[in-house]
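Here's the structure, in structure tokens; my notes come after.
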Amino acid sequence: MGDWLTDTRDSYDTVAVSYADRTRDLLDGLPHLRAALRLFAEQVRGPVADVGCGPGTITARLHELGVDAFGIDLSPVMIELARRTHPGLRFEVGSMTEPLAESVGGIIAWWSLIHVPDDEVPTVFGHFREALRPGGLLQIGFHVGDETRLKTQGYGGHPMRVHVHLRPPERVAEWLREAGFTVEAQWLLGEDGAVVFARRG
């Protein structure tokens, strides 16, 4: 496992409980993100992988919207927490830098690609495309900007060591096109967030 993967896994193992507490109701105050999730749920066909699922909040929301969703996360503690909080759903430890184990109709990756270095993103998008069935839907949420920040603590002051990559939506869209996706929409969320909808041809 690369150093950045180890750092990311260990950091989120450390903050898992605090992260879950602080983000559990976050979506309730974000109507545009809720709309993006509803649109994804309406458009997707077949099972959905929530990649970088954390404590399983978005996986559970998708399930409530009628989607056959399961979660994947690098952090074993996050997965343990997700299983305990949402016992009727499936959660697995895994990395987006490795191929997904099954074919899916959709992939959602909200603010999980932010820790992946630029040179690894095309590999991740390649794995996503391979896992998606023809016409499969991909939705990505990320921080907007053009810099990398080192995060050394978070979620109640717990120690972390993760690089947070802020990217222009145009760069993410270009990576997606190069990986064989059709970019259908790009939503800007205020000044510092974006959601991109893309589909495998």
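The values are calculated or read from the model by the stated rules, or taken from the named source; none is laboratory data. Quick caveat, the model's predicted, so the values are computed rather than measured. In this analysis, Cβ positions are derived from the backbone assuming ideal geometry, glycine residues included, and neighbour counts consider all displayed protein chains. All accessible areas refer to the heavy atoms of the entire protein, side chains included, with ligands and DNA or RNA removed. Shrake-Rupley method; radii C 1.70, N 1.55, O 1.52, S 1.80 Å.
Given the options GLY52, GLY136, GLY66, GLY105, name the one that is within 22 Å of ASP13 (Cβ to Cβ) and either in contact with a His (Cβ under 6 Å, 6 or more places away or on another chain) or not β-branched (Val, Ile, Thr) (or both).
On the way: GLY136 fails: within 22 Å of ASP13 (Cβ to Cβ); GLY66 fails: within 22 Å of ASP13 (Cβ to Cβ); GLY105 fails: within 22 Å of ASP13 (Cβ to Cβ).
Answer to the selection: GLY52.
Restricting the search to region 155-179, which residues are in contact (Cβ under 8 Å) with a residue 60 or more places away in the chain, open to solvent by 20 Å² or more (accessible area, probe 1.4 Å) and either in a strand (DSSP E or B) or hydrophobic (A, V, I, L, M, F, W, C) (or both)?
Taking region 155-179 and keeping what is in contact (Cβ under 8 Å) with a residue 60 or more places away in the chain, we get 155-156, 158-163.
Now drop any that are not open to solvent by 20 Å² or more (accessible area, probe 1.4 Å), which leaves 155-156, 158-159, 161, 163.
Hits for region 155-179 are HIS158, PRO159, ARG161, HIS163.
Exactly one condition in (1) charged (D, E, K, R); (2) out of contact with any helix residue (DSSP H, G or I) (no Cβ under 6 Å at 6 or more places or on another chain); (3) crowded, with 20+ Cβ neighbours inside 10 Å is not met by ASP73; state its number.
Against the list (1) charged (D, E, K, R); (2) out of contact with any helix residue (DSSP H, G or I) (no Cβ under 6 Å at 6 or more places or on another chain); (3) crowded, with 20+ Cβ neighbours inside 10 Å, ASP73 comes up short only on (2).
How about region 127-154: which of its residues are more than 22 Å from GLU191 (Cα to Cα) and either at pLDDT below 95 or touching a strand residue (DSSP E or B) at 6+ places or on another chain (Cβ under 7 Å) (or both)?
Residues of region 127-154 more than 22 Å from GLU191 (Cα to Cα): 127-138, 152-153.
Residues satisfying the conditions are PHE128, ARG129, ALA131, LEU132, ARG133, PRO134, GLY135, GLY136, LEU137, LEU138, THR152, GLN153.
Looking only at region 15-42, how many residues end up being open to solvent by 70 Å² or more (accessible area, probe 1.4 Å), under 18 Å from HIS158 (Cα atoms) and either of a type in the set (Asp, Glu) or touching a strand residue (DSSP E or B) at 6+ places or on another chain (Cβ under 8 Å) (or both)?
Of the residues in that region, 1 qualify.
Hey, could you check region 116-154 for residues that are among the hydrophobic types (A, V, I, L, M, F, W, C) and not in a strand (DSSP E or B) and say which is surrounded by the fewest Cβ atoms within 10 Å (Cβ to Cβ)?
Quick first cut of region 116-154, residues among the hydrophobic types (A, V, I, L, M, F, W, C) only: 116, 121, 124-125, 128, 131-132, 137-138, 140, 142, 144, 150.
When the remaining residues are screened for being not in a strand (DSSP E or B), the result is 116, 121, 124-125, 128, 131, 144.
Values: VAL116: 23, VAL121: 21, VAL124: 21, PHE125: 25, PHE128: 27, ALA131: 21, VAL144: 16.
Step by step, filter region 116-154, then rank; the result is VAL144.
Out of curiosity, is TRP187 farther than 19 Å from TYR12 by Cβ, hydrophobic (A, V, I, L, M, F, W, C), under 18 Å from the mean Cα position of the chain (by Cα) and open to solvent by 60 Å² or more (accessible area, probe 1.4 Å)? Talk me through it step by step, then tell me what you get.
Working: farther than 19 Å from TYR12 by Cβ: yes; hydrophobic (A, V, I, L, M, F, W, C): yes; under 18 Å from the mean Cα position of the chain (by Cα): yes; open to solvent by 60 Å² or more (accessible area, probe 1.4 Å): yes.
Considered against the rule, which asks whether it is farther than 19 Å from TYR12 by Cβ, hydrophobic (A, V, I, L, M, F, W, C), under 18 Å from the mean Cα position of the chain (by Cα) and open to solvent by 60 Å² or more (accessible area, probe 1.4 Å), TRP187 comes out as yes.
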